[in-house]
Amino acid sequence: MDATLERTLATLGAAIPQLQAVVLSAAPDGLIAWCWTRDREADIALGFAALDRAAAQCLEGLGSDLDSRGLMLTTDAHSICAAPLREVGEVGRELSPKLVLTSVFAGEIQRGMVMLHGTRIRMRVREALDGVWAGGPWRRELAEFLLGREAPELALARLSETSGVGLQRLAHASELDARERESVRAAIDRLQTAPLLN
C-alpha cells in the first residue's frame, strides 16, 4: 500500500511543484496513517495530529460533523488544505476510521489553486486506496489494519511474525494463496484483540 501511495504522490509532486507534503490521518484523534514529503523528512506530519484534533473540536463546536468538514490555512509562505478523504454522499466504501487528507503547499499559490490541487490530490489518493481495497475483503482488512497504526512498518513486521507469512510475501499480497490469506486474517484478528486484553 505504501508503495502505491508513494508512486501516486511522486507523480503529483512532479506535476505540482508547490506541493510539499501530504498527510493521511484518522479523525478525530489525528493519528498519522501515512505521510509523503518532498524532502523525505516525515517530521512535518507530527504537527498535524494536533491540528486535526483542534480542528475537529472547533468544527464540532459549530455543529459540523467529520464528514463535511474542511479546513484551509494560509500564511505568507505556506497554504494548508485539509478535508475528509471521502465526503458525504460520495459513492464508494465506508472508511473506518474516518480519514482526513491534508495537503501542504509552499510559496505563492492562489487559494483557488490550493483548493483545486487539494481536491485533485484527494481524488488520486482515493483511487490508489480503492485499487488496493479492490483486491477483495481480505486485502481490505490488511489495508485498514495498516492505516490504523501509528507505525505501519512495525505493524507489518508484527503481522508477518504473527501470521508466519514473510514480509516479501506480504509485499505481494495479491499473490498469497488461500492458506496464507487465512493466516493473515487470523493474525489481524489476534493483533487487533491483543490491546483490549492488556
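The values are calculated or read from the model by the stated rules, or taken from the named source; none is laboratory data. If you're wondering where the values come from, they're calculated on a predicted model, not measured in any experiment. FYI the Cβ positions are ideal-geometry reconstructions off the backbone, even for glycines, and counts take in every protein chain you see. Quick note on the areas: whole protein, heavy atoms, side chains included, nothing else; ligands and nucleic acids left out. Shrake-Rupley method; radii C 1.70, N 1.55, O 1.52, S 1.80 Å.
Restricting attention to the range 61-81 and to residues that are in contact (Cβ under 8 Å) with a residue 12 or more places away in the chain and part of a helix (DSSP H, G or I), the residue that is most open to solvent (accessible area, probe 1.4 Å) turns out to be S68. Picking from residues in the range 142-163 that are open to solvent by 70 Å² or more (accessible area, probe 1.4 Å) and at pLDDT 85 or above, the one that is nearest to A3 (Cα to Cα) is R158. Quick check on L31: is it surrounded by 14 or more Cβ atoms within 10 Å (Cβ to Cβ), within 22 Å of M123 (Cβ to Cβ) and under 15 Å from the mean Cα position of the chain (by Cα)? Spelling it out, it is not the case that L31 is surrounded by 14 or more Cβ atoms within 10 Å (Cβ to Cβ), within 22 Å of M123 (Cβ to Cβ) and under 15 Å from the mean Cα position of the chain (by Cα). The conditions of being in a helix (DSSP H, G or I), open to solvent by less than 50 Å² (accessible area, probe 1.4 Å) and assigned by the TED database to the domain that holds D130 are not met by L46. L12 falls short on exactly one of the conditions (1) of a type outside the set (G, A, S); (2) within 24 Å of E144 (Cβ to Cβ); (3) surrounded by 20 or more Cβ atoms within 10 Å (Cβ to Cβ), and that condition is (3). I'd like to know if the range 115-136 contains one or more residues that are in a loop (DSSP other than H, G, I, E, B) and either open to solvent by less than 50 Å² (accessible area, probe 1.4 Å) or at pLDDT 90 or above (or both). Yes. Just one of the listed residues (A3, A50, A26) is over 24 Å from I109 (Cα atoms) and touching a Pro at 6+ places or on another chain (Cβ under 7 Å), and it is A26. Could you list, in sequence order, all residues of the range 99-108 that are at pLDDT below 90 and open to solvent by 20 Å² or more (accessible area, probe 1.4 Å)? If the condition is that a residue be at pLDDT below 90 and open to solvent by 20 Å² or more (accessible area, probe 1.4 Å), then G107, E108 are the ones that fit. Each residue in the range 3-29 was checked for being part of a loop (DSSP other than H, G, I, E, B), in contact with a helix residue (DSSP H, G or I) (Cβ under 6 Å, 6 or more places away or on another chain) and under 18 Å from A77 (Cβ atoms), and 1 of them qualify.
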